[in-house]
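Each remark here refers to the structure printed beneath this line.
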Amino acid sequence: MNTVLHIPHSSRYIPATLRWRYVVSSEELATELVRMTDWYTDELFMNPQSVAVVFPFSRLVVDVERFFDDRKEPMARKGMGWSYLRTSQGTPLTKALDPETQRYLATVYWDHHKRLTELVSSGTVVLDCHSFPSKPLPCDLDQTSARPDICIGTDPVHTPQGLREITVDFFQKKGLVVDVDKPYSGTLVPFSVYRKDPTVKSIMVEVNRSLYVEEATGKKSENFSKIRKIVGEFVEILQALGPNSL
Ligand SMILES: [Zn+2]
């Protein structure tokens with residue numbers, strides 16, 4: 001199956017030329033990066049055969065997983081739409097965008113989506129690759145404290161039943177606790193086909209960070225390679241599926 005990995009949140013890179021935008025100290029910025037980065041999701045999901053679109057900047061620069069139109073983006077109400085104004089704690093993060101910076105960041109956002117769009121065609125499966133903190137952040141819409149090991153995100157148009165079943169079964173058979181669309185829901189496809197072309201398929205896999213990193217620092221834990229092996233096996237299964245098997 002033609003599989004494209006979408007990895008939007010693995011980078012911690014904030015260009016020095018944008019540092020002036022952030023109203024927090026360097027220490028606070030580093031802490032926010034620890035909380036918000038989907039640590040090592042590029043390493044967890046990618047293999048030598050992968051076709052992947054990895055966003056090269058931190059989500060604190062631009063969040064490409066969010067809708068560009070703040071009216072469609074529920075997190076925009078928390079100051080965390082495509083360009084964050086607030087931290088995960090609800091405190092101020094950046095200055096309001098001036099027109100020139102807005103234009104630059106919009107280009108960064110749309111360049112990423114253009115790269116994804118170019119790689120996706122009819123029959124492609126987009127695997128939306130993320131990880132999440134074991135305890136809800138103040139910004140999270142779902143504040144339930146019990147969280148699964150793996151959260152699967154689906155879309156009513158782009159996630160066929162078969163894809164959902166393969167994914168849930170795989171991780172459950174590895175002895176992991178799986179929830180669907182809880183605590184995070186949805187999955188990404190290019191905007192050009194979103195809710196229009198069901199032959200483009202997608203599923204989101206979010207790994208609980210406590211399984212593979214020390215969450216206070218972002219350092220790999222001793223279980224990192226075990227989890228990478230499991231996630232890697234899942235990606236290989238998707239890649240090996242026949243073109244009409246879903
Ligand atoms: Zn993420």
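FYI, it's all coordinate maths here, none of it is from the lab. Since the model is a prediction, treat every value here as computed from it, not as a measurement. No Cβ is skipped: glycine too gets one built from the backbone with ideal geometry, and neighbour counts run over all protein chains shown.
From helices alone, the chain scores -8500 deg cm²/dmol at 222 nm; the rule is -39500 (n - 2.57) for each run of n ≥ 4 DSSP H residues, then divide by the residue total. Please report the spacing between the Cα centers of region 14-87 and region 157-204 in Å, no decimals. After rounding, the separation between the Cα centres reads 22 Å. Between THR17 and THR31, residue separation times 0.36 nm minus the direct Cα-Cα distance comes to 3.0 nm. In this simple spin-label model, placing a label point 7 Å from the Cα along the Cα-to-Cβ direction at both ARG103 and SER245 gives a separation of 4.9 nm. Which residues does the label zone of GLN89 cover in region 8-36, counting backbone N under 19 Å from a point 7 Å along Cα→Cβ? From region 8-36, the list is 21-36. Relative to the current alpha-carbon distance between ILE237 and GLN161, full extension at 0.36 nm per residue lengthens the span by 25.7 nm.
Relative to the longest principal axis of the Cα atoms of the chain, helix 224-240 runs at roughly 60 degrees.
Let me know the whole percent of all Cα-Cα pairs from the chain that are separated by more than 26 Å. Above the 26 Å cut-off, the chain has 37 percent of its Cα pairs.
What angle do you read, to the nearest 10 degrees and between 0 and 90, between the alpha-carbon axis of helix 26-36 and the longest principal axis of the chain? Value to nearest ten degrees: 20.
Restricting the count to DSSP beta bridges whose residues both fall in the chain, what percent are antiparallel, rounded to a multiple of 5? Taking every DSSP beta bridge with both residues in the chain, the antiparallel ones total about 30 percent.
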